[in-house]
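The values are calculated or read from the model by the stated rules, or taken from the named source; none is laboratory data. On a predicted model such as this, the values are computed, not experimentally measured, just so you know. So basically every Cβ, Gly included, is an ideal-geometry build from the backbone, and we count neighbours across all protein chains shown. Accessible surface areas use protein heavy atoms only, side chains included; no ligands, DNA or RNA. Shrake-Rupley method; radii C 1.70, N 1.55, O 1.52, S 1.80 Å.
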Amino acid sequence: MEQWFLRITRYADDLLDGIETLDAWPDKVLTMQRNWIGRSEGARVRFSVDVDGAEPVYIEVFTTRIDTIFGATVVLLAPEHELVDRFAVEAPDPEGFGRRVQQFRSQDRTDRLTGAVEKEGFDTGRTAQNPFTGEGVPIWVANFVLADYGTGAVMAVPAHDQRDFEFARKYGLPVQVVIQPADASEPVDGATMESAYAGPGTLVHSGEFTGRSTEDAAAFMATAAEARGVGQATVQFRLKDWGVSRQRYWGTPIPIIHCPACGLQPVPYADLPVELPDVVEFTGRGDSPLAQIPEFVNVACPSCGGAARRETDTMDTFFDSSWYFYRYCDPTNETEPFDPERVRYWAPVDFYIGGVEHEILHLIYSRFFCRVFKDLGRVVHDEPFTKLLTQGMVLRDGAVMSKSKGNVVDPDKMVARFGADALRLYEMFVAPPEKELEWTDTGLEGSYRFLNRVWRLVTAVAPVVAAVSGDRGSLPLDAGHRALRRKTHQSIRRVSSDLDPRVHLNTAVSALMELVNDLYAFCEQQGLAPHGTTEAYPADHVSGQTAGVLAEAVDALVLMLSPFAPHLCEELWEHLGRQGGLVTATWPEFDPDVARADEIVVPVQVNGKLRGRLTVATDISDDALRAAARADPSVQSHTDGRTIARVVVVRRQLVNIVVKGA
């Protein structure tokens with residue numbers, strides 16, 4: 001079947017090299033992309049096949065270990081390899097041969113690759129000549145060899161590859177050792193070895209290459225293969241060209257016209273975009289539904305004007321999702337995909353969030369599109385996304401939510417019962433965004449209760465804080481007021497950092513909960529019970545210090561909570577008498593001097609064991625800290641009668657007293 005492809009392999013090296021610049025992407029994503037691109041340096045080697053006929057037949061294998069070719073004792077073919085069908089026809093029992101091949105072909109491709117199915121194979125009855133030894137080796141079909149990986153053929157070296165070793169032992173195939181480890185006490189023996197040896201060493205039983213180290217043998221042997229006309233050094237990629245053809249209705253039409261006289265013709269620019277017809281009958285037949293609509297298919301050739309037909313395949317949906325973010329920069333442009341100047345202003349995307357299931361395809365395709373657009377002069381940057389976060393999946397009862405599993409939670413019901421803000425807050429609080437989230441209804445109820453606490457608190461103190469304006473930290477404060485103001489600025493610092501750059505949304509919410517707890521405690525101390533009525537304490541019954549500190553804390557709380565609970569916070573902002581809505585408000589800034597604690601707690605150890613804790617001023621000197629530690633009664637009980645050798649002070653963190661004697 002003819003299909004359309006995008007030549008992504010042209011950019012394979014660039015895509016791989018670009019990974020090194022993505023320092024704000026998760027390591028697991030970069031590893032997955034490296035593996036998917038799969039750059040391998042090695043050699044292609046041709047084994048001649050023993051067949052009847054004038055035309056020689058070869059099996060070409062790709063190997064990263066040509067240094068082990070003298071130990072290749074069997075050639076393994078993928079069930080889909082082009083020679084397999086020929087061997088089946090020419091086999092003594094074509095029907096039986098074909099049944100075994102079909103059994104392998106029907107197995108899941110991923111299971112075959114990962115080893116989820118048992119490694120199986122059978123002898124074709126044919127032999128191939130090892131181009132270095134000149135000896136014949138049997139040709140087998142094996143289910144773990146894939147046609148689209150490498151050449152679809154493998155030279156099996158059981159002594160030096162564990163997968164090949166297990167296969168050889170299962171079917172009684174020869175195991176020929178051709179590398180001996182340098183530090184082995186006894187030579188590795190193919191007859192007695194219990195596992196393959198895949199490490200470095202010295203070549204043995206390898207003709208003129210015997211005695212060479214594995215470090216340099218590969219280059220020499222690849223050169224020899226080319227000189228003998230049986231192979232050459234090469235670089236291979238796991239990445240294949242991107243097949244974008246889909247035989248379905250929904251999808252972007254491929255703008256090509258097939259003309260019997262002129263061949264493939266692009267749809268004229270003036271006729272773009274090609275739009276899908278509004279009405280289509282879905283018959284369930286194998287061909288594209290579009291092929292059944294004559295008024296869509298039958299067109300005039302744009303070159304000769306003769307009868308022609310429109311391409312009826314549509315594009316893979318990844319095609320559009322791989323560059324939509326550029327279109328967002330210029331969504332109303334009707335003459336081109338986007339204006340390069342507008343994209344230059346907005347792109348690359350500063351922070352991209354997507355599901356972990358898009359680690360490979362979508363993200364590689366987006367990086368590919370970025371490079372194509374750069375080559376076309378449409379963008380100037382190298383990568384589409386500067387920073388990436390892959391969000392975790394939502395689980396219930398230990399499994400990913402799925403309709404087929406019947407473990408889906410209806411969000412509409414949750415919103416109707418608890419509100420959208422409680423649902424948002426719960427999802428961001430219950431786990432780090434990159435981790436899996438185990439759903440519980442009780443957790444959602446907790447978020448709902450917290451938002452109710454915030455509502456009661458803010459609406460209760462709104463009459464007090466609404467009238468406050470100007471510098472809220474200029475009045476002298478007692479210890480209780482300083483403590484709340486310090487907590488406010490510490491919370492601003494922590495939440496701001498947790499949101500950007502750390503993206504630890506759950507700990508940001510935790511900091512807000514701590515601030516709310518401190519606000520409740522402060523209000524109780526000042527006689528302002530948040531669960532009371534607002535009429536209980538009008539603004540003129542509250543001191544200026546209290547009103548100022550409360551206003552600063554409550555404003556900061558509502559602003560910092562707004563990304564998590566925007567609807568609730570917009571209402572509270574209005575209750576506080578603030579103008580313009582949250583969208584016009586400025587994110588709060590912390591003062592490091594205010595956030596700094598007046599006192600710190602320093603643990604004291606004696607010979608490395610915790611013996612006490614000191615509460616001291618933050619600006620205490622090292623000498624004063626040493627003296628305080630030695631004078632602490634709980635410490636003295638462990639130092640009396642013993643010689644103090646030294647007192648080690650780790651500034652603001654730890655004191656360790658080293659003592660000697662009984």
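For segment 78-215, with all protein chains in place and a probe radius of 1.4 Å, 47% of the accessible heavy-atom surface sits on carbon or sulfur.
Relative to the longest principal axis of the Cα atoms of the chain, helix 94-105 runs at roughly 10 degrees. Here segment 251-371 exposes an accessible surface that is 57 percent carbon and sulfur, computed with a 1.4 Å probe and the other protein chains kept in place. For a straight C-alpha distance cut-off of 26 angstrom, the lysines reachable from LYS240 (same-chain residues fewer than eight places away being disregarded) are LYS28, LYS119, LYS374.
Just check segment 235-312 against the gyration tensor rule for me: Cα atoms, a ≥ b ≥ c as the square roots of the eigenvalues, rounded for a/c under 1.5, and otherwise prolate or oblate depending on whether a/b exceeds b/c. Please list the in-between numbers first.
Numbers: a/c = 1.98, a/b = 1.18, b/c = 1.67.
In terms of gyration-tensor shape, oblate.
Around the amide H of ARG613, modelled in the peptide plane, lie the amide H atoms of VAL604, all under 5 Å away and 5 or more residues distant in sequence or on another chain. You can think of it this way: the chain between LEU376 and ARG228 has 49.0 nm of extra reach, that is 0.36 nm per residue less the Cα-Cα gap.
Efficiency by 1/(1 + (r/R0)^6): what FRET value for SER637 and MET393, r their Cβ-Cβ distance, R0 = 45 Å, to the nearest 0.05? Intermediate results must be reported in sequence, preceding the final value.
Working: r = 54 Å, r/R0 = 1.20.
Computed FRET efficiency for SER637 and MET393 comes out at 0.25.
The length gained by stretching the chain between CYS262 and LYS403 to full extension, at 0.36 nm per residue less their Cα-Cα distance, is 45.8 nm.
Charge tally around LEU559: other residues with Cβ under 12 Å, Lys/Arg +1 each, Asp/Glu -1 each, net -3.
Each principal axis of the Cα atoms in the chain has its own extent, and those three values, largest first, are 107, 87, 48 angstrom.
Applied to segment 434-439, the Karplus parametrisation 6.51 cos²θ - 1.76 cosθ + 1.60 on θ = phi - 60° returns per-residue 3J(HN,Hα) values of 8, 9, 5, 10, 8, 6 Hz, with x for Gly and Pro. The label point for ARG86 and the one for ALA645, both projected 7 Å from the Cα toward the Cβ, are 8.1 nm apart. Excluding LEU203 itself, what net charge comes from residues whose Cβ is under 11 Å from its Cβ, given Lys and Arg +1 and Asp and Glu -1? Net charge in that neighbourhood comes out at -3. By the rule of a C-alpha distance below 25 Å, with chain neighbours fewer than 8 residues away ignored, the lysines paired with LYS660 are LYS609.
Among the protein heavy atoms, those of ARG44 account for about 60 Å² of accessible surface (1.4 Å probe, every chain in place). Which residues in segment 549-576 place their backbone N less than 18 Å from a point set 7 Å from the Cα of ASP350 along the Cα-to-Cβ direction? Flagged as within label range: 560, 562-564.
Packing around the peptides 158-165, 496-503, 1-8, taken as the average count of other Cβ atoms within 10 Å per residue, puts them in this order, highest first: 158-165, 496-503, 1-8.
Accessible surface for LYS405 stands near 130 Å², nearest 10, in the context of the full protein assembly shown (1.4 Å probe). Where the accessible area of segment 489-629 is counted over protein heavy atoms with a 1.4 Å probe, how much of it, in %, is carbon and sulfur? The C+S portion of the solvent-accessible surface of segment 489-629 is 50 percent. Separation of segment 22-90 and segment 227-257, taken as the distance between their Cα centroids, equals 17 angstrom.
Each Lys or Arg adds one and each Asp or Glu subtracts one; over the other residues with Cβ under 9 Å from the Cβ of LEU16, this totals -2. Taking R0 as 45 Å, what's the FRET efficiency between ASP93 and PHE220 from their Cβ-Cβ distance, rounded to 0.05? Rounded to the nearest 0.05, the efficiency is 0.55.
Using the heavy atoms of the protein chains and a 1.4 angstrom probe, tell me the accessible area per residue for the chain in square angstrom.
On the way: 34180 Å² over 662 residues.
Accessible area per residue, the chain: 52 Å².
Each label was represented as a point 7 Å from its Cα along the Cα-to-Cβ direction; for ARG105 and LYS609 these points are 7.5 nm apart.
State whether segment 506-662 is rounded, prolate or oblate according to the following rule on the C-alpha gyration tensor (a ≥ b ≥ c being the square roots of its eigenvalues): a/c under 1.5 gives rounded; otherwise a/b larger than b/c gives prolate, and the remaining case gives oblate. Present the calculation step by step, with values, prior to reporting the outcome.
Numbers: a/c = 3.47, a/b = 2.68, b/c = 1.29.
The shape class here is prolate.
Sorted from longest to shortest, the spans of the Cα atoms of segment 153-226 along the three principal axes equal 35, 34, 18 Å. Taking a ≥ b ≥ c as the square roots of the eigenvalues of the Cα gyration tensor, segment 381-453 is classed as oblate, since a/c reaches at least 1.5 and a/b does not exceed b/c. Between ASP623 and ASP591, the FRET efficiency from the beta-carbon distance, with R0 = 41 Å, is close to 0.85.
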